[in-house]
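Let me begin by presenting the structure, written as structure tokens, before commenting on it.
The values are calculated or read from the model by the stated rules, or taken from the named source; none is laboratory data. Fair warning: this is a prediction, and the values are worked out from it, not measured in the lab. Please note: Cβ atoms are built from the backbone with ideal geometry, for glycine as well, and neighbour counts cover all protein chains shown.
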Amino acid sequence: MSVFYKAGIIVILVFIANFFAVRSLEDGRQGEIAGKLEQMERDSQNMRLIILYTQLEGANKTDICPALELQTKEQIERANGLAYQMERYAAANLLTSLKDAKERYMLQSLELWLYLKQLESVCGKQEISPILYFYPEKAACPECNAQAEFLNSFRDRCRNVRVFAFPYNRDLGLIQILTTKYKVTRAPTLVINESTYEGVIDGDKLGELIKCAA
């Protein structure tokens with residue numbers, strides 16, 4: 001057996017070993033993300049029960065609001081942590097796609113935003129200030145990349161800020177309702193305190209629009 005033939009076999013064996021090592025790592029990442037998404041979905045079921053209870057005649061806000069606020073904050077913390085993790089994994093992903101996980105995460109984000117609105121409706125003005133960020137799906141958008149960086153930095157500095165990012169051109173009922181309500185026709189677009197802002201909004205301007213709680 002020639003030296004070159006042996007070398008070729010070794011290269012192939014190393015490639016196969018690396019392939020399965022990467023596959024194992026990716027499967028582990030996928031499983032970890034899936035587990036956290038399942039936890040968020042269970043939390044959402046709990047929130048739905050609380051929301052249903054608020055609709056009962058005679059429901060006491062003194063009992064409801066602390067539980068609703070605590071549950072919402074816990075979900076936001078989990079969602080933020082999962083968003084960071086998915087960003088890191090997406091950057092390092094070599095084989096598999098996070099498409100399904102991103103879809104589930106987007107739906108959970110929509111539901112969480114609705115819970116924040118419900119919390120404000122039932123219990124009054126809350127500490128958390130949501131920002132709706134609309135970007136284009138499957139389209140190049142350098143301005144959106146800049147906007148995302150400003151938003152990430154602002155969110156990291158301000159514990160009271162939560163960013164909800166959605167593709168404005170997605171064919172999904174609630175997103176279509178939101179883009180119509182807030183007159184979103186391009187990206188990037190932000191909605192802050194029920195006002196719509198087109199184009200890139202930097203950190204200084206964000207600080208003028210939302211009081212940052214460090």
Item to check | Selection count where residues are closer than 20 Å to F150 by Cβ, out of contact with any Asp or Glu (no Cβ under 8 Å at 6 or more places or on another chain) and free of Cβ contacts under 8 Å to residues at least 40 places away in the same chain, scope region 169-210 | outcome: 8
Checklist entry - Are any residues in region 166-183 in a loop (DSSP other than H, G, I, E, B), of a type outside the set (D, E, K, R) and over 10 Å from Y133 (Cα atoms), and if so, which ones? => result N169, L172, Y182
Next on the checklist: Given the criteria under 17 Å from the mean Cα position of the chain (by Cα), of a type in the set (A, V, I, L, M) and farther than 19 Å from Y105 by Cβ, does L190 qualify?
Outcome noted: yes
Checklist outcome for this item: Within region 138-151, residues under 18 Å from the mean Cα position of the chain (by Cα) and modelled with pLDDT of 90 or more come out as C144, N145, A146, Q147, A148, E149, F150, L151
